[in-house]
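The next block holds one structure in the form of structure tokens; read it before the comments.
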Amino acid sequence: MPSHSEEDRLKSPLAKARGLGSAHHGAEHWLHQKITALANIPLILWLVWSIVKLKAATYAQFTAWLASPLNAILMILLIISVLYHARLGSQVIAEDYLSGWFRMSKLIGIRLFFFAIGVACIFSVLKIAFTAGM
Amino acid sequence: MSETIKKVQRPLSPHLQVYKLPLTARLSISHRAAGVALSAGTVLVAAFLIAAAAGEESYNFVMGIASSVPGQIILFLWSAALYYHMCNGIRHMFWDTGKFLEKDVAMRTNYIVIMFAFILTAATWACAYLTS
Ligand code: HEM
């Protein structure tokens, strides 16, 4: 693990340790994972119930359903809570199994992936909600 | 020399290729697997919403896929992974408060989690197919 380059030999112990420790986001990460987990429970149950209810919905029926403010708001809350939860969870998995540059690129990729999915979902919901029946 | 090595009974970590994982360990890694599967599945949720936002034709197209046999199988697996991850996630949060951590209690809650996930999945699909 420790490399014995000339530069390392000259570094103080503090300089060597810098950047290798915790980012001090652990407790917050954990708490946010649990808050979103709790929020996910009613939201996911609502989603599955809605899917069962709308299983044979025509386009007009589906868009009218999503245009109702309560449904649109719940859908956007669900998208935010689930994707944030999934981003935090996937980050932990990447941190557990990967290291070095691959890990860093995976961590960046995970954030970009869930952010992009979130924007796509929220835009779609808003478009349907604001244009249904027009 | 080799004699002494043999005599020292050092504990070994489970060798994953040959060691049959206890149920608790299998459910633990399943929580992670379900989380990854559900995360990948968000692409399909986004695809559905984008298709619906694009208009009636693409909405009908994805609804056709969803109601086909492969589509129904994927939805079934999605619901099972979701319910399992939810039930086990609730157990995780009890563990976080320090409850149910004893080995025999964990074993009992293993079965409770599996049972609830099974019942919720079955009830959902019964509702989907038995109601109009
Ligand atoms: C339905 C309600 C849900 C509940 C109650 C829930 C609960 C939890 C909990 C408590 C954890 C943390 C486990 C730990 O401490 O190690 C977790 C992890 C995770 N969840 Fe969820 N979750 C839910 C839905 C979802 C959904 C919909 C997704 C994906 C779209 C998801 C993806 C993940 C991932 C990727 C992890 C990380 C797994 C790991 O670290 O092994 N969860 N979940």
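Looking only at residues of the stretch A:37-64 that are surrounded by 15 or more Cβ atoms within 10 Å (Cβ to Cβ) and aromatic (Phe, Trp, Tyr), we find that the one that is farthest from residue A:124 (Cα to Cα) is A:46. Yes or no: the stretch B:27-50 includes at least one residue that is open to solvent by 50 Å² or more (accessible area, probe 1.4 Å), in a helix (DSSP H, G or I), within 12 Å of the ligand (Cβ to nearest atom) and touching a Cys at 6+ places or on another chain (Cβ under 9 Å). Yes, the stretch B:27-50 has at least one match.
Filtering the stretch B:67-85 down to residues that are within 11 Å of chain A (Cβ to nearest Cβ) and open to solvent by 30 Å² or more (accessible area, probe 1.4 Å), which residue is farthest from the ligand (Cβ to nearest atom)? Among those that are within 11 Å of chain A (Cβ to nearest Cβ) and open to solvent by 30 Å² or more (accessible area, probe 1.4 Å), it is B:67. Within the stretch A:75-134, the set of residues being aromatic (Phe, Trp, Tyr), at pLDDT 95 or above and either open to solvent by 40 Å² or more (accessible area, probe 1.4 Å) or not in a helix (DSSP H, G or I) (or both) comprises A:84, A:113, A:115, A:123, A:130. Among the residues making up the stretch A:33-48, those that are within 6 Å of the ligand (Cβ to nearest atom) and over 13 Å from residue A:89 (Cα atoms) are A:40, A:41, A:44.
Checking the stretch B:95-103 against the condition returns a match, with at least one residue being surrounded by fewer than 16 Cβ atoms within 10 Å (Cβ to Cβ) and within 10 Å of the ligand (Cβ to nearest atom).
I need a count of the residues in the stretch A:77-117 that are under 13 Å from residue B:36 (Cβ atoms) and either away from the ligand (no atom under 14 Å from the Cβ) or of a type in the set (Asp, Glu) (or both). Number satisfying all stated conditions: 1.
The values are calculated or read from the model by the stated rules, or taken from the named source; none is laboratory data. Remember, it's a predicted structure, so these values are computed and weren't measured experimentally. Every residue, glycine among them, receives a Cβ derived from its backbone with ideal geometry; neighbour counts consider all protein chains shown. Side chains included, ligands, DNA and RNA excluded: accessible areas come from the protein's heavy atoms. Shrake-Rupley method; radii C 1.70, N 1.55, O 1.52, S 1.80 Å.
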